[in-house]
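To keep things clear, I will list the structure first and then write my remarks on it.
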Amino acid sequence: MSGGVGQITLPAGQTRNMALSSLAALDTTITTDFSLAEAPAAGSSYVGVVARQNATDNYQVRVWLRNDGGVWLVTQRGNTILNTFAVPGITRGAGESFTLSAQFVGTGTTTIQAKLWRTGESEPAAWQIVSTDATPELQAAGSVAVHANRGGSATSAGTFTFDNFRVTAQ
């Protein structure tokens, strides 16, 4: 942390989750601003948020920052991809800031939905990706986290920044 902004620097092939382990949350909206300092040509990365983390599993909404500048939303249960969505009209450059909002609601079946936009621009009215999952172990409160992953083929380390991290009960 520096000046209220979180920062994670990762070499190629590394992943970090920075969790609020003492927080047990069920139905939440998690919002954060983030950026990756390195240019797309230096390699792909993932950045996102984690909800309902327990000892063995979690839900994730990740932003895939592709090495061609494309930006995709990905919903996951642990390592299992539930859904993907190429965000139209958004490409990224080095250091550009985006805002991610992800909502996790329901018991019995959880709805996971997310949207992404450039920080400082208008928030999209509708969710851009929606997934559902009924894994019994994840229909309970769990911790939340921010997530960063630097692709294994990246040509340099990646420096991720996080700001305005908010968890709101639904």
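Below 8 Å between Cα atoms, with a sequence gap of 6+, how large is the relative contact order for the stretch 59-170 in percent? Write out the running numbers ahead of the final one.
Working: 163 pairs, mean separation 20.4, N = 112.
The value is 18 percent.
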Legend entry - Computed FRET value (nearest 0.05) for Ala94 with Thr15, which takes r as the C-beta separation and R₀ as 25 Å: 0.75
Legend entry - GNM result for the chain, Cα springs below 10 Å: residue of Ser22, Ser143, Ser44 fluctuating most strongly: Ser22
Legend entry - ³J(HN,Hα), Karplus 6.51/-1.76/1.60, whole Hz, each residue of the stretch 22-30, x for Gly, Pro: 7, 8, 10, 10, 9, 8, 9, 10, 10
Inset, instruction - Report, to the nearest whole %, how much of the accessible area of the stretch 11-164 belongs to carbon and sulfur atoms, 1.4 Å probe, protein only. - result: 50
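With every protein chain kept in place and ligands, DNA and RNA left out, what is the accessible area per residue of the chain? Probe 1.4 Å, answer in Å². Numbers along the way, then the final one.
On the way: 7440 Å² over 170 residues.
Counting only protein heavy atoms, the per-residue value for the chain is 44 Å².
Would you please give the FRET efficiency between Thr84 and Val167, computed as 1/(1 + (r/R0)^6) with r the Cβ-Cβ distance and R0 = 22 Å, to the nearest 0.05?
So the FRET efficiency works out to roughly 0.35.
On average, how much area does the Cα convex hull of the stretch 17-63 cover when viewed from any direction, in nm²?
Numbers: hull surface 16.7 nm².
That works out to 4.2 nm², a quarter of the Cα hull's surface.
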Legend entry - Alpha carbon centroid spacing (whole Å) that separates the stretch 100-116 from the stretch 11-82: 14
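Quick one: dipole size for the stretch 15-169, taken about the Cα centre, charges +1 on Lys/Arg Cβ and -1 on Asp/Glu Cβ, in debye to the nearest 20. List each step's numbers first, then the result.
Numbers: 10 positive and 11 negative charges, 33 e Å.
Dipole about the Cα centre, nearest 20: 160 debye.
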Legend entry - Span per principal axis, largest first, for the Cα atoms of the stretch 82-147 (Å): 39, 21, 18
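Against the 2.2 N^0.38 Å scaling, with N counting residues, where does the stretch 41-170 land? I'd like the Cα-based Rg ratio to two decimal places.
Details: Rg = 14.6 Å, N = 130, 2.2 N^0.38 = 14.0 Å.
Here the answer is 1.04, to two decimals.
The values are calculated or read from the model by the stated rules, or taken from the named source; none is laboratory data. Quantities reported herein were computed from a predicted structural model and do not represent experimental measurements. Note that each Cβ is placed from the backbone with ideal geometry, even for glycine, and that neighbours are counted across all protein chains shown. Surface areas here come from the heavy atoms of the whole protein model, side chains and all, with no ligands, DNA or RNA. Shrake-Rupley method; radii C 1.70, N 1.55, O 1.52, S 1.80 Å.
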